[in-house]
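Inspection log for the structure reproduced underneath, given as structure tokens.
What follows is calculated from the coordinates using simple rules that are stated; it is not laboratory data. Everything numeric in this text was worked out from a predicted model, so none of it was measured. Positions of Cβ are backbone-derived with ideal geometry, glycine not excepted, and every protein chain shown enters the neighbour counts.
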Amino acid sequence: MKTVNCNKKAKTRKLSELSKTEQNRLAKLNAMLDELRRGENVQNRRLATWLTEDEYESFESDKESQQQIREELKDKPDELRRYENKLHQATFNDNVVCSFTINYQGFSYFRIDYLYEFYWH
């Protein structure tokens, strides 16, 4: 696999200095960039068409490294999974208790009749 030196500063040229082919390529790449910024999908074959071979290889390499990072983040420690499960259960229990509570003139009253029906019927 080729590596691309990204530290090089790209040569900046005015739009009028670009050939028609380069202007067309720039317009297509800008259109794809706009689609990506709007959250739309851009097909890989379109990218392969308008990027140079080195640019596309760099894109593929970056994509693979991002996928690796995402896979690593999916592997949570067991302690974190247990914490998330306990937090989920505590949130659920709190919501159940709140559903059996009524507010009257700034005070909360626990509705025993609903609790009885919930647990015993």
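Quick notes on this one:
- The alpha-carbon of residue 86 sits under 17 angstrom from the alpha-carbons of these aspartates and glutamates, leaving out residues fewer than 8 places away in its chain: 78, 94.
- In terms of its Cα atoms, region 16-74 spans 47, 26, 19 Å along the principal axes, sorted from long to short.
- Modelled FRET efficiency - R0 41 Å, residue 23 with residue 74, Cβ distances, 0.05 increments: 0.45
- Each Lys or Arg adds one and each Asp or Glu subtracts one; over the other residues with Cβ under 13 Å from the Cβ of residue 81, this totals 0.
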